[in-house]
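What follows is a short report on a single structure.
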Amino acid sequence: MSPWRLFAVWLLAEGAWCASELKFPPGFKFGAATSAYQIEGAWNASGKSPSTWDTITHTRPHHIIDQSSGDIACDSYNQWKEDIKIASDLGLDFYRFSISWPRLLPTGFPDAINEDGRRYYDNLINGLLEMGIEPMVTMYHWDLPQRLQNLGGWANPKVVEWFEDYARVLYKLYGDRVKTWITINEPFSMCTLGYAMVAFSAGVTDQDVGTYLCIKNVVMAHSKAWRLYDRDFRNKFGGRVGIANQLFYLKPATKEDEEIASLGHEFFYGLYSHPMYSKEGGWPAGIERVIEQNSKKAGFARSRLPPFTDEEKEIARGAYDFYGFNYYSSRIIRRRGDEEDLLARSPFKNIRELNAILEVDPTWKKSSSFWFYVYPPGMRKLLSWVKDQYGDVEIVITENGYSSTGTELNDIDRIKYYRDHLEQVLLAIHKDKVNITGYTAWSLIDNFEWNEGYSTKFGLYEVNFNDPKRTRTARDSAKYYKNVIKTNDIEIPKSFNIISDEL
Ligand code: BGC
């Protein structure tokens with residue numbers, strides 16, 4: 001073969017092309033996301049009952065960096081028309097938002113639907129559709145009715161039924177207009193982080209047992225909600241239902257750490273994905289074995305990871321229409337040295353079950369969030385991980401975004417983050433042939449960032465939290481994203497180094 005031919009073959013094989021020339025395929029959709037507790041405010045208005053997050057922020061404010069709460073947040077309960085307007089200005093194909101369970105069902109159960117809550121989401125959905133924006137609805141983004149938490153929350157297997165009943169109400173009320181449902185947002189954050197770190201799980205910490213009860217219940221709650229849709233609503237409404245997973249890429253520190261990295265991925269996301277997305281169903285075998293052995297060694301009579309009955313396994317297997325994929329950051333993983341302490345409880349720093357240490361590369365840029373270091377190739381690697389594990393499943397990127405202190409409208413770091421991650425998405429689509437059909441920026445607007453309160457901001461739009469109207473102002477990243485959607489070009493136009501005015 002001539003050297004030129006060889007070079008051409010290499011180019012094709014290696015995908016050594018310029019990503020900026022790659023385009024998103026026809027039909028690819030762009031959106032932006034928020035969640036109820038983070039934006040709505042109106043925490044006790046019009047019949048809403050308290051959620052676990054109202055309880056945390058009101059009774060244990062020291063868990064929030066600036067001791068703030070989502071009591072008012074972006075006031076989207078009153079300013080929702082503004083949110084639709086800016087979503088439309090951006091040219092979004094879809095807007096992902098979540099429904100507050102305690103706003104719609106204040107008792108936690110379907111015995112009493114709160115009319116004001118029902119109307120609020122009705123208006124939001126209709127308003128979006130009028131502007132040609134598809135509503136993508138998350139049923140649960142961490143704000144559990146406090147009453148259900150008092151009954152054990154995500155550690156009580158009854159939550160599977162409670163969630164199914166809630167899902168039925170949602171399908172009945174909004175299924176004629178909502179065609180894309182996400183059952184649960186980031187079970188990794190709820191269970192793996194939640195039961196290890198105080199705030200996420202409404203104050204309950206129980207890393208050894210609680211985490212695994214939560215994982216199994218989340219898997220079954222999602223799967224039953226999917227089955228319900230499939231059985232009773234799909235024919236009528238023709239929509240689809242998925243779950244949104246949070247993925248951190250775990251980069252092996254050395255060749256010897258490859259095995260532990262692979263177990264780390266099973267631990268972080270396999271537990272939440274394998275039961276539904278793998279051909280054989282059930283827990284991923286490697287990590288299931290590790291947890292069983294560790295449990296026995298520690299003197300438990302059975303594995304701390306609850307098994308599936310055959311019936312449960314079949315309910316979960318295949319219970320999906322797409323894979324929701326949230327990505328922000330990565331870690332380096334290595335086996336713990338003999339002398340090293342497994343210092344922190346934080347799953348950002350170690351995986352105790354695997355005796356593994358998690359670190360960051362000093363060259364990775366740190367955002368304004370304590371856990372967030374920038375490593376764009378991690379995103380592509382994880383997209384391939386999903387494909388390797390679960391075949392050609394459709395992936396919708398349901399979150400990706402960057403945090404800053406939020407003082408600047410000229411947010412060039414956020415623009416770079418988006419550009420570099422969109423590049424990885426393009427490479428995954430074109431080079432790795434991953435079936436990705438949509439991308440969601442987190443977040444449409446600055447909002448209450450959980451334990452970090454308002455100390456860190458993710459918005460394409462700045463929100464002025466000192467202004468009672470919570471005025472929204474476009475950052476340059478909004479301008480950039482609008483341009484990507486309009487032109488299908490991820491490169492940053494030269495003019496973007498200037499302070500933005502109006503979009
Ligand atoms: C969550 C969002 C959160 C974002 C940034 C995701 O884990 O779904 O609620 O604001 O990350 O931390």
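Please name which of A356, P306, H274 has its Cα lying farthest along the dipole of the stretch 268-375 towards the positive end, using unit charges on Cβ (Lys, Arg +1; Asp, Glu -1) and the Cα centre as origin.
Towards the positive end, the residue furthest out is A356.
Going highest first, how would you order 254-265, 91-102 by mean Cβ packing within 10 Å?
Highest-to-lowest ranking by the protection proxy: 91-102, 254-265.
Name the residues of the stretch 411-447 whose amide N is less than 16 Å from a point 7 angstrom out from the Cα of T471 along the C-beta direction?
Only 446 fall inside the zone, counting backbone N under 16 Å.
Magnitude of the Cβ-charge dipole of the chain, K/R +1 and D/E -1, about the Cα centre, nearest 20 debye?
Details: 60 positive and 67 negative charges, 123 e Å.
About 580 debye.
Expressed as a rounded percentage, what relative contact order does the chain have, with Cα pairs under 8 Å and six or more residues apart?
Rounded, it is 17 percent for the chain.
Any chance you could tell me what percent of the C-alpha pair distances in the stretch 264-400 go past 26 Å? Mind dumping the intermediate values first?
Values: 3170 of 9316 pairs.
Summing the P(r) of the stretch 264-400 above 26 Å gives 34 percent of all pairs.
What does the accessible area per residue of the stretch 157-270 come to in Å², with a 1.4 Å probe and no ligands, DNA or RNA counted?
With the other protein chains kept in place, the stretch 157-270 gives 31 Å² per residue.
For E449, tell me the accessible area in Å² from a 1.4 Å probe, rounded to the nearest 10.
Ignoring ligands and nucleic acids, E449 comes out at about 20 Å².
Taking only Cα atoms of the stretch 204-350, what ratio of Rg to Rh do you get with Rh as the Kirkwood inverse-distance radius?
My calculation puts Rg/Rh at 1.01.
Solvent-accessible area per residue for the stretch 303-452 at a 1.4 Å probe radius, Å²?
So the stretch 303-452 comes to 37 Å² accessible per residue, rounded to a whole number.
Would you work out which of L427, P26, F372 lies farthest towards the positive end of the dipole of the chain, given +1 charges on the beta-carbon of Lys and Arg and -1 on that of Asp and Glu, about the Cα centre?
My answer, from the dipole projection, is P26.
Quick one: work out the % antiparallel among DSSP beta bridges in the chain, nearest 5. Walk me through the numbers before you get to the answer.
Details: 13 of 51 bridges.
Restricted to the chain, the bridges split so that about 25 percent are antiparallel.
With only alpha-carbon atoms counted, please give the Rg and Dmax of the stretch 76-151, in Å.
13.7, 44
Out of the total accessible area of the stretch 59-205 (probe 1.4 Å, heavy atoms of protein only), what percent is carbon and sulfur?
51 percent
Report P(r) for the stretch 221-265: all Cα-Cα distances, bin width 5 Å, range 0 to the bin holding the largest distance, values in whole percent.
5, 19, 16, 10, 8, 9, 10, 11, 8, 4, 1
Return the FRET efficiency for the residue pair N355, E408: r is the Cβ-Cβ distance, R0 is 41 Å, and the value is rounded to the nearest 0.05.
0.45
Do the sum for the chain: with -39,500 (n - 2.57) for every DSSP H run of n ≥ 4, divided by all residues, what is the mean residue ellipticity at 222 nm, to the nearest 500 deg cm²/dmol? Could the numbers behind the result be given before it?
Working: 17 runs with 184 residues, N = 503.
After summing the helix terms and dividing by the residues of the chain, the value is -11000 deg cm²/dmol.
What share of the DSSP beta bridges in the stretch 303-430 is antiparallel, in percent to the nearest 5?
Details: 8 of 12 bridges.
Bridges in the stretch 303-430 that DSSP calls antiparallel: roughly 65 percent.
Within a Cβ distance under 10 Å of K387, other residues only, what is the Lys/Arg minus Asp/Glu net charge?
In short, -2.
About the Cα centre of the stretch 431-503, how large is the charge dipole given +1 on each Lys and Arg Cβ and -1 on each Asp and Glu Cβ? Please answer in debye to the nearest 20.
Details: 11 positive and 11 negative charges, 47 e Å.
For the stretch 431-503, the charge dipole is close to 220 debye.
In whole Å, what are the Cα extents of the stretch 344-469 along the three principal axes, biggest one first?
On the principal axes, the stretch 344-469 reaches 49, 37, 25 Å in Cα extent.
Rounded to the nearest 0.05, what FRET efficiency is calculated for S46 and N435 with R0 set to 25 Å and r the Cβ-Cβ distance?
0.05
Given a 1.4 angstrom probe, what's the average accessible area per residue across the stretch 102-149, in square angstrom?
On a per-residue basis, the stretch 102-149 sits at 33 Å².
Ignoring ligands, DNA and RNA, what percent of the accessible area of the stretch 211-271 is carbon or sulfur (1.4 Å)?
After summing per-atom areas, the C and S share lands at 46 percent.
Once you have a ≥ b ≥ c as the square roots of the Cα gyration tensor eigenvalues for the stretch 142-266, tell me rounded if a/c is under 1.5, and otherwise prolate or oblate according to whether a/b is larger than b/c. Write down the numbers at each step before the final one.
Values: a/c = 2.71, a/b = 1.47, b/c = 1.84.
Oblate shape, in that a/c is at least 1.5 and b/c is the bigger or equal ratio.
I'd like the Kirkwood hydrodynamic radius of the chain, using the inverse of the mean 1/r over distinct C-alpha pairs, in Å. Spell out each step's value before the answer.
Working: mean 1/r = 0.0430 Å⁻¹.
Hydrodynamic radius (Kirkwood, Cα only) of the chain equals 23.2 Å.
Just to be sure I understand: of the beta bridges DSSP finds with both ends in the stretch 388-503, what percent are antiparallel, rounded to 5? Let's see the in-between values first.
Values: 4 of 8 bridges.
Taking every DSSP beta bridge with both residues in the stretch 388-503, the antiparallel ones total about 50 percent.
Strictly over 24 Å apart at the Cα level, which of K251/K313; K29/K469; K236/K279; K297/K387; K158/K313; K381/K479 would you flag in this model?
In this structure, K251/K313; K29/K469; K236/K279; K297/K387; K381/K479 exceed 24 Å between Cα atoms.
Taking only complete DSSP H runs, can you tell me which helices of the chain stretch 24 Å or more along their own long axis by Cα positions and average at least -1.0 on the Kyte-Doolittle scale?
Span-like helices, by this rule, are 210-228, 412-430.
Compute the distance from the alpha-carbon center of the stretch 43-86 to that of the stretch 279-319, in whole Å.
Distance between centres, Cα-based: 37 Å.
Ignoring ligands, DNA and RNA, please state the percent of accessible area on the stretch 309-418 from carbon and sulfur, probe 1.4 Å.
The computed percentage sits at 48.
Enter the Cα centre distance for the pair the stretch 369-419 and the stretch 211-255, rounded to the nearest angstrom.
The two parts, judged by their Cα centres, are 20 Å apart.
The values are calculated or read from the model by the stated rules, or taken from the named source; none is laboratory data. Quick caveat: nothing in here was measured; it's all calculated off a predicted structure. Glycine also receives a Cβ, built like all others from the backbone with ideal geometry; neighbour counts cover every protein chain displayed. Only protein heavy atoms, including side chains, enter the accessible area calculation; ligands, DNA and RNA are left aside. Shrake-Rupley method; radii C 1.70, N 1.55, O 1.52, S 1.80 Å.
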